[in-house]
């Protein structure tokens, strides 16, 4: 009767337990470590590892999924603590375990110090009396290996045969790990795709709003001017033509800005330009003139206030805040004053009107939310202030709001001086 080196009943029971952990979807790291415990226990070995075989495009290499802590000083303990959780990688194959990888055959060495296949041990490494390295296959695929050391009496082919169930279990475990990893990567890619799709959908909605809001305003201007031309005398017709030229110029500028507005992200390559704030705001006010007979819009910005920013964002901020003031103007003596105060630290860009105002306590954090409306206006889309806040955040500016129902609203935009120095 052949001599048995291990307790087979204990081995099968331990393997069954490890497999049950996998079925229960326990931590994959814990499962590999438990499998290594089983391997060391049944073979009566002092230390070892279980690893996966990967390829870096040039050669196969070993990445551990479970390894005994055999650190022998502070430096190796620190290295173990930092690297072991994510897996140690070994690419030097001129070693005993390297021969397992290159030959894809078991390596038995009961006198490692005199074995010509050895690669040597780092200074201070615990003494190795014997070594066994076994390749792990799943079906016909070489997927991993384990290495164990310092079994009393050494290792032999008979022992390798008896621990074959562990080799098979390790193959199943590595294959299962790869499937889980692949599933998680697929799930992550799917989640990223969903996020990208949602983002693109939101950008499309924003684009639709921008076109319907900004472009429609200019087309309405042009239509009104065209209607006036048919009935005016020569002097008024000349004035209407000048108004039309202004409106067309602003329409052209708005179209140029649209590509910027629908591409808000931190890594955008859209350049920042020097902007004279008073002149910039004047151009926008001029484009509204024909549509705003019932509200006075005053530009009180000093001519020497300069900022550096993405013009499309600033344009849309102004467009939306002016539109808000027009849409929710008071019935009598409606006005909007646009101003700016400057210090060494920042510029405060202010839009103050005497319109319908809002109860900010009631509105709470919904003020800048998408699709939020507050005055029962059926034509309101609830996108204007949402986009204002989005552009301000993209520019790394800040915005504050003061408002009272029936008394008006004041938007204060804080522009750090360092943002354009």
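The values are calculated or read from the model by the stated rules, or taken from the named source; none is laboratory data. These numbers come from a predicted model, not from an experiment. Cβ coordinates were reconstructed from backbone atoms using ideal geometry, including for glycine residues, and neighbour counts include every protein chain displayed.
Taking the range 107-116 as the range and being over 16 Å from residue 48 (Cα atoms) and in a loop (DSSP other than H, G, I, E, B) as the test, the residues that pass are 111, 115, 116.
Return the only residue of 171, 147 being without any contact (Cβ under 8 Å) to a residue 60 or more places away in the chain, touching a strand residue (DSSP E or B) at 6+ places or on another chain (Cβ under 8 Å) and closer than 23 Å to residue 62 by Cα. Let's see the steps before the verdict.
Working: 147 fails: without any contact (Cβ under 8 Å) to a residue 60 or more places away in the chain.
The conditions single out 171.
Identify all residues within the range 37-94 that are assigned to a helix (DSSP H, G or I), touching a residue at least 24 places away in the same chain (Cβ under 8 Å) and touching a strand residue (DSSP E or B) at 6+ places or on another chain (Cβ under 9 Å); write none if there are none. Within the range 37-94, 39, 40, 43 qualify. Looking at (1) over 23 Å from residue 181 (Cβ atoms); (2) over 36 Å from the mean Cα position of the chain (by Cα); (3) surrounded by 14 or more Cβ atoms within 10 Å (Cβ to Cβ), which is the only condition residue 76 fails? Answer for residue 76: the failing condition is (2).
So that you can scan it fast, the table gives a plain yes or no per residue for (1) under 40 Å from the mean Cα position of the chain (by Cα); (2) at pLDDT 90 or above:
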position	(1), (2)
5	no, no
14	no, no
28	yes, no
64	yes, yes
69	yes, yes
103	no, yes
107	no, yes
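The condition of being out of contact with any helix residue (DSSP H, G or I) (no Cβ under 8 Å at 6 or more places or on another chain), surrounded by 12 or more Cβ atoms within 10 Å (Cβ to Cβ), assigned to a strand (DSSP E or B) and at pLDDT 90 or above holds for residue 142. Among the residues of the range 89-101, the one identified as within 11 Å of residue 60 (Cα to Cα) and exposed (fewer than 12 other Cβ atoms within 10 Å of the Cβ) is 92. Residues in the range 119-136 that are surrounded by 13 or more Cβ atoms within 10 Å (Cβ to Cβ) and within 22 Å of residue 43 (Cα to Cα): 126, 128, 129, 130, 131, 132, 133, 134, 135, 136.
Yes/no matrix, rows are residues, columns are (1) in contact with a helix residue (DSSP H, G or I) (Cβ under 6 Å, 6 or more places away or on another chain); (2) over 30 Å from residue 73 (Cβ atoms); (3) assigned to a strand (DSSP E or B):
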{"site": "118", "(1), (2), (3)": "yes, no, no"}
{"site": "122", "(1), (2), (3)": "no, no, no"}
{"site": "135", "(1), (2), (3)": "yes, yes, yes"}
{"site": "155", "(1), (2), (3)": "no, no, no"}
{"site": "159", "(1), (2), (3)": "no, yes, no"}
{"site": "175", "(1), (2), (3)": "no, yes, no"}
{"site": "178", "(1), (2), (3)": "no, yes, no"}
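Under the condition of being at pLDDT 90 or above, within 39 Å of the chain's Cα centre (by Cα) and over 23 Å from residue 327 (Cα atoms), the residues counted in the range 279-312 number 6. Scanning the range 20-33 for residues that are in contact with a strand residue (DSSP E or B) (Cβ under 7 Å, 6 or more places away or on another chain), assigned by TED's automatic domain parsing to the domain that holds residue 141, in a helix (DSSP H, G or I) and free of Cβ contacts under 8 Å to residues at least 40 places away in the same chain turns up at least one hit. Checking each residue of the range 365-376 against the condition of being closer than 28 Å to residue 282 by Cβ and assigned to a helix (DSSP H, G or I) gives no match. Only one of the numbered conditions (1) surrounded by fewer than 18 Cβ atoms within 10 Å (Cβ to Cβ); (2) closer than 18 Å to residue 150 by Cβ; (3) touching a helix residue (DSSP H, G or I) at 6+ places or on another chain (Cβ under 8 Å) is not met by residue 112, and that is (1).
Looking at the range 333-347, is at least one residue in a helix (DSSP H, G or I), closer than 19 Å to residue 385 by Cα, in contact with a helix residue (DSSP H, G or I) (Cβ under 7 Å, 6 or more places away or on another chain) and modelled with pLDDT of 90 or more?
Filtering the range 333-347 for residues in a helix (DSSP H, G or I) gives none.
No, every residue in the range 333-347 fails to be in a helix (DSSP H, G or I), closer than 19 Å to residue 385 by Cα, in contact with a helix residue (DSSP H, G or I) (Cβ under 7 Å, 6 or more places away or on another chain) and modelled with pLDDT of 90 or more.
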